[in-house]
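**Student:** Before I ask anything, let me first share the structure, which is written out below as structure tokens.
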Amino acid sequence: MVRFLVVPQWQGSPATRAMLLIDGATAIAGDLPRAATTVLEVPVEAGESLGTGVRRLSSLLRTREVVAEAMSADTVVIGGDCSVTVAALAALPGGTDDLAIVWCDAHADMNTPETSPSGAFSGMALRAVLGEGEPQLALSPGIPRDRVVAVGMRNLDDDEVSQVEGLTSISASDLDSVDAVADAVVATGAGRVWVHIDVDVLDPSELSGVSDAAPFGVTTAALSAAIRRLRERVPLAGATISGFAPRTPADAVDDLGALLRLIGAIA
Ligand SMILES: NC(=[NH2+])NCCC[C@H](N)C(=O)O
């Protein structure tokens, strides 16, 4: 049975109102089956960079320990900022040797501390999954680039452009084919797949509670259908929903329909 691990980590976000991610995690948790849901306690303090180029590193490391203690097979992780996926993969039962990653996010998250405009670890999260960037946070071993399928990526920093070469990229219009994601993952040869969804991958008309909305995103319907099709062909190792940062409780209610549809596709 699927377990939900709610990780209200905000310290990896570049947003000025990053703590709205706590409200987002709490709103989602309230709609999950209680017996299958664990809400983790993440540090309340912002934390220190400890001389690295990653803001709030000390708190990110602490959350990582808490996630490692709680991880089990068939876990759906609910963020929090999108770097919670790095913590989950670092502690994934069975390791990551046979894993492909589907990274659904408007942003590339391919910065390192050297290229990051913000110092926010969420903007470095996919790069850390590849095993690169700040060594205290990077996966070891990393996931090879040819095992990564990026969906809906459309808001890149200049230094990220060269870095996304080598990833398979699926645009919003590519999702018109319900098999596009499944075909790309099967082509990697991986035995299992982790699906990461930062909800800012959705078009802003579908969901408003994100801190850095980008136009021309994917529809909830197309993404859900693509994930369901993927799961018919490749076993799911786990999944993440992250980046939900509603401005008010009423806004959160407006967005819950789209969120629950995505959760239904991955859980
Ligand atoms: N998944 C996200 N919301 N990422 C935000 C990244 C923003 C920007 N590219 C940075 O590195 O700071």
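**Student:** For the chain, with the dipole built from +1 on Lys and Arg beta-carbon atoms and -1 on Asp and Glu ones, taken about the Cα centre, which of Val44, Val86, Gly30 lies farthest toward the positive end?
**Tutor:** Gly30
**Student:** Accessible area of region 3-266 with a 1.4 Å probe: how many percent of it is carbon plus sulfur?
**Tutor:** Numbers: 5170 of 10220 Å².
In region 3-266, the share of accessible area belonging to carbon and sulfur is 51 percent.
**Student:** For Val178 and Thr248, compute 0.36 nm times the residue count separating them, minus their Cα-Cα distance, and round to one decimal in nm. Don't jump to the answer; show the numbers that get you there.
**Tutor:** Details: separation 70, 0.36 × 70 = 25.20 nm, distance 3.37 nm.
Length gained, Val178 through Thr248: 21.8 nm.
**Student:** Looking at Pro113, Ile197, Gly217, which one has the Cα that reaches farthest to the positive end of the dipole of the chain (charges on Cβ: Lys, Arg +1; Asp, Glu -1)?
**Tutor:** Ile197
**Student:** Given the rule -39500 (n - 2.57) for each run of at least 4 DSSP H residues, summed and divided by the residues of the chain, what is its mean residue ellipticity at 222 nm, to the nearest 500 deg cm²/dmol? Working shown, then result.
**Tutor:** On the way: 8 runs with 81 residues, N = 267.
Mean residue ellipticity at 222 nm (helix-derived): -9000 deg cm²/dmol.
**Student:** What translational D, rounded to a whole number of µm²/s, comes out for the chain from Stokes-Einstein when the hydrodynamic radius is the Kirkwood one over Cα pairs, at 25 °C and 0.890 mPa s? Before the final figure, lay out the partial values.
**Tutor:** Details: Rh = 17.8 Å.
The Stokes-Einstein estimate is 138 µm²/s.
**Student:** Right, something else. Based on Cβ point charges of +1 for Lys and Arg and -1 for Asp and Glu, what charge dipole magnitude is obtained for region 3-266 about its Cα centre, in debye rounded to the nearest 20? If you can, show how the numbers build up before the last one.
**Tutor:** Numbers: 18 positive and 35 negative charges, 138 e Å.
So the magnitude is around 660 debye.
**Student:** List the relative contact order of region 194-234 as a percent without decimals, with contacts defined as Cα pairs under 8 Å and 6+ residues apart. Spell out each step's value before the answer.
**Tutor:** Values: 27 pairs, mean separation 13.3, N = 41.
Normalised by residue count, the contact order of region 194-234 is 33 percent.
**Student:** Just the number, please: percent antiparallel of the DSSP beta bridges in the chain, rounded to the nearest 5.
**Tutor:** Given both bridge residues lie in the chain, the antiparallel proportion sits at roughly 0 percent.
**Student:** Related question: Just report the Cα centroid separation between region 198-244 and region 1-48, whole Å.
**Tutor:** Between the Cα centres of region 198-244 and region 1-48 lies a distance of 18 Å.
**Student:** Might you report the magnitude of the Cβ-based charge dipole of region 185-267 about its Cα centre, with Lys and Arg at +1 and Asp and Glu at -1, to the nearest 20 debye? Don't skip to the end; give the middle numbers.
**Tutor:** On the way: 7 positive and 9 negative charges, 113 e Å.
Once rounded to the nearest 20, the dipole reads 540 debye.
**Student:** Which loop-located GluC sites (Glu not before Pro) does region 161-267 contain, where loop means any DSSP state but H, G, I, E or B and the Cβ has at most 11 other Cβ atoms within 10 Å? Intermediate values should be presented prior to the final figure.
**Tutor:** Working: sites: Glu165, Glu206, Glu232; in loops: Glu165, Glu206.
Listed in order of number, the matching sites are Glu165.
**Student:** Only loop residues by DSSP count here, and only those with at most 15 other Cβ atoms within 10 Å; note down the trypsin sites (Lys or Arg not before Pro) in region 171-261 that meet that.
**Tutor:** Counting only loop positions with at most 15 other Cβ atoms within 10 Å, the trypsin sites (Lys or Arg not before Pro) in region 171-261 are Arg247.
**Student:** Provide the per residue accessible area, probe 1.4 Å, for the chain, rounded to a whole number of square angstrom.
**Tutor:** Accessible area per residue, the chain: 39 Å².
The values are calculated or read from the model by the stated rules, or taken from the named source; none is laboratory data. Bear in mind that the values here come from a model prediction, so they are computed numbers and not experimental data. As a convention, Cβ positions derive from the backbone with ideal geometry for all residues, glycine included, and neighbour counts pool all protein chains shown. Keep in mind that these areas ignore ligands, DNA and RNA; they rest on the heavy atoms of the full protein, side chains included. Shrake-Rupley method; radii C 1.70, N 1.55, O 1.52, S 1.80 Å.
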